[in-house]
Each structure stands twice: as structure tokens, then as C-alpha cells.
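What follows is a short report on a single structure.
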Amino acid sequence: MDKLVIEGSRRLEGTVTISGAKNACLPILAAALLSDEKSVIRNVPSLKDIATMLKIFKNLDVKVHQDGGTITIEPKGYKKHMAPYELVSTMRASICVLGPLLAKQRYAEVSFPGGCVIGARPIDLHLKGLKSLGAKIKVEKGYIIADGKNLRGGNVYLGGHFGSSVLATANTMMAATLVKGVTVIENAACEPEVVDLATFLMKMGAKIKDHTTHRIIIEGVTRLHGAEHAVIPDRIEAGTYTIASAITKGDITLKNAKPEHLVAVIDRLTEAGLSITKVPNGFRVRYVKKLKPLDVTALPYPGFPTDLQAQVMSLMTVTDGISIITEKIYPERFIHISELNRMGADIQLEGASAIVKGVKALSGAPVMASDLRASAALVLAGLAAKGRTDVHRIYHLDRGYEKLEEKLTKLGGKVWREKEK
Ligand code: EPZ
């Protein structure tokens, strides 16, 4: 296994190109299974999670061809309907093949995705969505077995304890495109990744209305055709580089980034004192004055994204004053706190809120990455810290950040990969 080594305290400056969004790409690839025809997906990031999804496709006898950032999917004549434990257990997002397989094959067997270090991640809303379309669902030997003989449109409210669900909305919307009748999803997630999925489905011939709102209406059609689509830029990667600029007192221009997908993040960081200005096809992030502490609450879109909660916490550890960071989506998503404290941060957890007292400086240390975004937070802390930080278990980063060390090095960071001894 590899680790990432960072020599900290270097100012980052220059231009970074933001990759395609992993969390838009995964359901879009799954949606291609709804057709018999070829689909071509562009701006696909080169990431382990994408490779896992393609393994699921090969396992279904669906032909895939990858040429750099372009993936061609040829589902013609595929008859299989199973996503096995060995693959689903390595990536929770594999659950988003459930809706397409059920709608296309009228039967699906998908391994139950496991728990996860960011807290309990149930799938009740996925099942509720599909049952509302008439699916008969049982769980047997760790598999979700879904029978879709009697699928038809239905109305469903997809709100849970923590608000809407991104992938449950995606699964229900994908399945509804191919069933007879009209489906209304109430309290649908409206993250940009859901909107991008709907855009791709409409290119395939799906009839979807109000897909940017919390009430999505889908009128089923009898078949979908193949389509071409370029995935939106990754707003979480863009947010991570925004924070990298702030934490290193830098000046980074983000190319191929959409500020309109990061309104809450830009609002909070501008409030803290960061300069963020639009440039053609992106935005520029400059540290121009001492930053102020922040109150940040992770909420469903358009609120501050939970996938940037850990990274903004790293920034607040070196921001003078007291910041309060509250998590309303995954109340246990705080494993990074103990690792940041090992680097000299002063963070205390009170329920689902972290109280962060800014310190003068962090000091480099060996730290352990627990999940994808926590890993990114540790890399950011390492960039700001005095001395050397070794981030262990970086396979999480390889799941979600394309060419991370290459991009950071180009910006002037001293970051490299080493084999664990
Ligand atoms: C997506 O996960 C993202 N993953 C996550 O990013 C992201 O953190 C999350 O949305 C929230 O924005 C992908 O898109 C592949 P949810 P998803 O269903 O869809 C609860 C990353 O690092 N819930 O929107 O699985 C759930 O426990 C990953 O890239 C239920 O109660 O998340 C949470 O509290 C991590 N029942 C809330 O809803 C359900 O059936 C929102 O989760 C489903 C979810």
C-alpha cells in the first residue's frame, strides 16, 4: 500500500484543472445500462471508484472501452442482473446499478452495501423509492433481490432523518424512466450530480420535468437510446483546491470549475476573508488577509456540502479564534478530528458539532486516513503544517482525487507517494 508524504509550509500558486465529478459520473455510467445502445461518457476522471464500476459492468457482460477520459459503454444484449459482494463492498455507490438493472431486466440482485467509516448509511430510501414503483424487494444472504414484473409509475416522498438522499433519488429516477406511467419524487435531492444525471437521461430520451427542484416528475417511456454526455466538473475537488489556496496563503486559479455549484462554500470562505473572483471558465482564490473563524453547517444542497466539512475544518484549525462546524448529514463523520489533533490542532467534539480553536501552526506527523474526504483534510493540514506529514492508507484518496500529488506539485507543493514499508 502507498502513503503520501508532504513537506509542509509551502505557498501554493498557479492554475489547476478540475476533473470530472466522480459522484456525477458513477450514476451516469449506471444509467447507460437502461439502454441497449452505445453511450459515450466524456470528462470521466481516472479514479479507482470508476474502475470498480467498470468491473461491475464487465461482470454483467456489458462491453466497456476506456480511452483516457472517454468511456464507451455497449450494453447490447446483456442479460445478467447481478452486482456481487466482492465489488459492491468496495464501493457503496455501486448501489446505483440497482434502479437501472431492475427497470431494464425487471429483476436485479445487488449485494447490500456495508457500513462505512462516515457513520451508518442505510438504504431504506432506495428501497422505498423502488417499492413505490411496484418492485417486490427482499433481502437474502446479504443481497437485495428486486423483482420488477409489475413496475409502474408511483408517488414517493424520499425524505429521511437527515433530509433528501442523493443516490436514492438517482436510483428511483433512473428506474422510473422505463416504467409505464408517471412518477413523482417528493423531497428529491437536487445536488448538481442529480441534475447532471437527469440531463443525461433526457439525452437518452427520458421524459423528466423539474429535475432541478425537490419535486421531480418522470413520465416513463418504453425504451431509451444511447447518448453522449460530458460529466460536470467535480465541485468537491474544486472546493478542496479552494481550501488548499486558503490554507497555504496561496493564489490558485481553478480551471473548468463552476462557482455556481459552490455558492455556500464561496459564501462562507468569502466571509472568512478569502478573495474569490470569477475568471473565464473558472475562478481564482487568493489569500489576501488574515482569515476569520467561521460557523459552518453541512447540509443538503445548496447548503455547505458534507464532502467538504473535513477540509474546511483543517482550514479552521489554523484560523485564529473559535469556529463551530456542525454536521447535519452524517452526524458521526468526524474521524479526522483525532488525526488533526495529533498534528497540534485543538478540536473538541460536542454532539454533531466540532469546536475548533485556531492554533498558530500545525506540526507534521504520521496520520491515518479514514475515508476519502477525511484523507483530503489531512493532506490540506499537511500542506500547512511545519515539517513532514505522512498520510497512511491513501487508497481512499485514489478513489476520489485524480492525480492529486501531480496537481499539488504543479502548484508548488512538495508532495510525493512512497510505498509503505
Ligand atoms: C452521496 O452519497 C455521495 N456519494 C457522498 O459522497 C455524499 O457524502 C452524500 O451523497 C451526501 O451529499 C455519491 O454520490 C457516490 P445520501 P449517498 O443518500 O447518496 C441518509 C464521497 O466522499 N440516508 O444523500 O449515499 C444517509 O445516511 C461520498 O464522495 C438514509 O437515511 O448519500 C445520510 O444521513 C461520501 N437512507 C443522508 O441520508 C437511505 O436510504 C444523505 O445521504 C439513504 C440515505
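The values are calculated or read from the model by the stated rules, or taken from the named source; none is laboratory data. In this text the structure is predicted, and so the values were computed from the model without any measurement. Using ideal geometry, Cβ is built from the backbone for each residue, glycine included, and neighbour counts are taken over all protein chains shown. Only protein heavy atoms, including side chains, enter the accessible area calculation; ligands, DNA and RNA are left aside. Shrake-Rupley method; radii C 1.70, N 1.55, O 1.52, S 1.80 Å.
Data overview
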item: Test: residue 3 is within 24 Å of the chain's Cα centre (by Cα), basic (Lys, Arg) and farther than 24 Å from residue 173 by Cβ; result: yes
item: In region 122-135, residue nearest to residue 176 (Cα to Cα) [restricted to those that are outside any helix (DSSP H, G or I) and more than 10 Å from the ligand (Cβ to nearest atom)]; result: 133
item: Spans of helices (runs of 4 or more DSSP H) in region 1-117 with at least 3 residues under 30 Å from residue 248 (Cα atoms); result: 22-31
item: One residue from 119, 99, 69 being open to solvent by less than 70 Å² (accessible area, probe 1.4 Å) and more than 14 Å from the ligand (Cβ to nearest atom); result: 69
item: Checklist (1) within 12 Å of the ligand (Cβ to nearest atom); (2) modelled with pLDDT of 95 or more applied to residue 109, failing item; result: (1)
item: Residue match in region 191-207 (condition: in a loop (DSSP other than H, G, I, E, B), touching a Pro at 6+ places or on another chain (Cβ under 8 Å) and either touching a residue at least 40 places away in the same chain (Cβ under 8 Å) or hydroxyl-bearing (Ser, Thr, Tyr) (or both)); result: yes
item: Test set (1) assigned to a helix (DSSP H, G or I); (2) open to solvent by less than 30 Å² (accessible area, probe 1.4 Å) - residue 325 fails condition number; result: (1)
item: Selection count where residues are part of a loop (DSSP other than H, G, I, E, B), farther than 12 Å from residue 95 by Cβ and within 13 Å of the ligand (Cβ to nearest atom), scope region 136-172; result: 5
item: Some residue of region 75-82 being surrounded by fewer than 22 Cβ atoms within 10 Å (Cβ to Cβ), in contact (Cβ under 8 Å) with a residue 60 or more places away in the chain, away from the ligand (no atom under 16 Å from the Cβ) and among the charged types (D, E, K, R); result: no
item: Boolean, residue 340 is surrounded by 20 or more Cβ atoms within 10 Å (Cβ to Cβ), in contact (Cβ under 8 Å) with a residue 60 or more places away in the chain and part of a helix (DSSP H, G or I); result: no
item: Scope region 262-291; condition under 26 Å from residue 355 (Cβ atoms), open to solvent by 50 Å² or more (accessible area, probe 1.4 Å) and touching a strand residue (DSSP E or B) at 6+ places or on another chain (Cβ under 9 Å); matching residues; result: 267, 268, 270, 287, 289
item: Criterion (touching a Leu at 6+ places or on another chain (Cβ under 7 Å) and either closer than 25 Å to residue 262 by Cα or surrounded by fewer than 24 Cβ atoms within 10 Å (Cβ to Cβ) (or both)) met by exactly one of 224, 158, 167, 197; result: 158
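Condition check ((1) of a type in the set (Ser, Thr, Tyr); (2) away from the ligand (no atom under 16 Å from the Cβ); (3) part of a loop (DSSP other than H, G, I, E, B)) across all residues:
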residue	(1), (2), (3)
236	no, no, no
240	yes, no, no
244	no, yes, no
300	no, no, yes
309	no, no, no
312	no, no, no
